[in-house]
Amino acid sequence: MNIFPAVDIKDGKCVRLRQGVEDQVTVFSDDPSAMARQWEGMGARWLHVIDLDGAFSGTPRNMELIRTLCAGVSIPVQLGGGVRSVEVAGKYLQAGVTRLIIGTMALEDPKLFRELCAAFPGRIGVSLDARDGRLKTKGWVEDAGKTVADVVPELEEAGAAFFIYTDISRDGMQSGVNIPALEALLDLTDRPVLIAGGISTLADVQVVFPLSRKGLDGVITGKAIYAGSLDLKEALDWLAAQD
């Protein structure tokens, strides 16, 4: 199981949003690339990068910054936010991104999502962002009218390589993981699953670790490592000791 430090980019800065709300912003760094190098230096084996400007606008806004970020680290980067076409996906992959996370488009345009998976097999995952069990799209502001269980089989069939589950009500709140929702998703799929939202302490990592035997591939953490409630190196060392 991996820990994926989150580098969320808005207006060229590394930030965190409270429960995904666009104007509930905390700026952690003016240099996202430096933050990426810091997390790599602590032992991170992956980075989770989100173009928040792209997520809200639907078009990439930080392509050159992300190119610079990818060039500055030697570990793989997964990226989401504003990837709504095969062309944009290709540009990000050419810029050094290893794999892409699709949200809105996967739920609203199944034909295009299938084309994307066919164009870049094994490199396209889906972000399943839910509040009270209902999936949200367009930067978590619109209701998709579906649940996780409704969409996972068709997304798998279309070629989704992995899933990321975010409990929006817990994102940035440091309130612990929604274990029942995570277990339900793991029971639905044999694809790797990542969890985001609620990872705030080493204890939270330890609580979900047993689920790695059921397909939990990693946890994504942002606010906790920036605010200091989770020591990234300590958590990585603990995971390494479990092998």
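Rule-based calculations on the coordinates, nothing more; no lab input. This structure is a prediction, so every number in the text was calculated from the model and none was measured. Here the Cβ positions follow ideal geometry from the backbone for every residue, glycine too, while neighbour counts run over all protein chains shown.
Summary table below
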| item | result |
| --- | --- |
| Under-5 Å amide H pairs with THR166, H placed in peptide plane, nonlocal only | LEU128, ASP129, ALA130, ALA196 |
| Along each principal axis, Cα extent of segment 159-243, largest first, Å | 36, 32, 22 |
| For segment 204-218, 3J(HN,Hα) per residue [Karplus equation, 6.51 cos²θ - 1.76 cosθ + 1.60, θ = phi - 60°, Hz, x = Gly/Pro] | 5, 5, 5, 5, 8, 3, x, 6, 4, 6, 9, x, 6, 8, x |
| For segment 2-242: relative contact order, % (alpha-carbon pairs under 8 angstrom, 6 or more apart) | 17 |
| Fraction of beta bridges assigned by DSSP in the chain that are antiparallel (%, nearest 5) | 25 |
| Sites ALA149 and GLU87 - FRET efficiency at Förster radius 30 Å, r taken between beta-carbons, to 0.05 | 0.40 |
| Cβ-Cβ FRET estimate between ARG134 and MET63, R0 fixed at 41 Å, reported to 0.05 | 0.85 |
| Alpha-carbon centroid distance for the pair segment 39-112 / segment 203-243, whole angstrom | 22 |
| CD proxy at 222 nm, helix term only [per DSSP H run n ≥ 4: -39500 (n - 2.57); per residue of the chain; nearest 500] | -10500 deg cm²/dmol |
| Kirkwood Rh, angstrom, segment 12-123 [1 / mean 1/r, Cα pairs] | 14.5 |
| Lysine pairs meeting the criterion (Cα under 22 Å, 8 or more apart or interchain), as found in the chain | 17 |
| Rg [Å, one decimal], Dmax [Å, integer] - the chain, C-alpha atoms | 16.2, 44 |
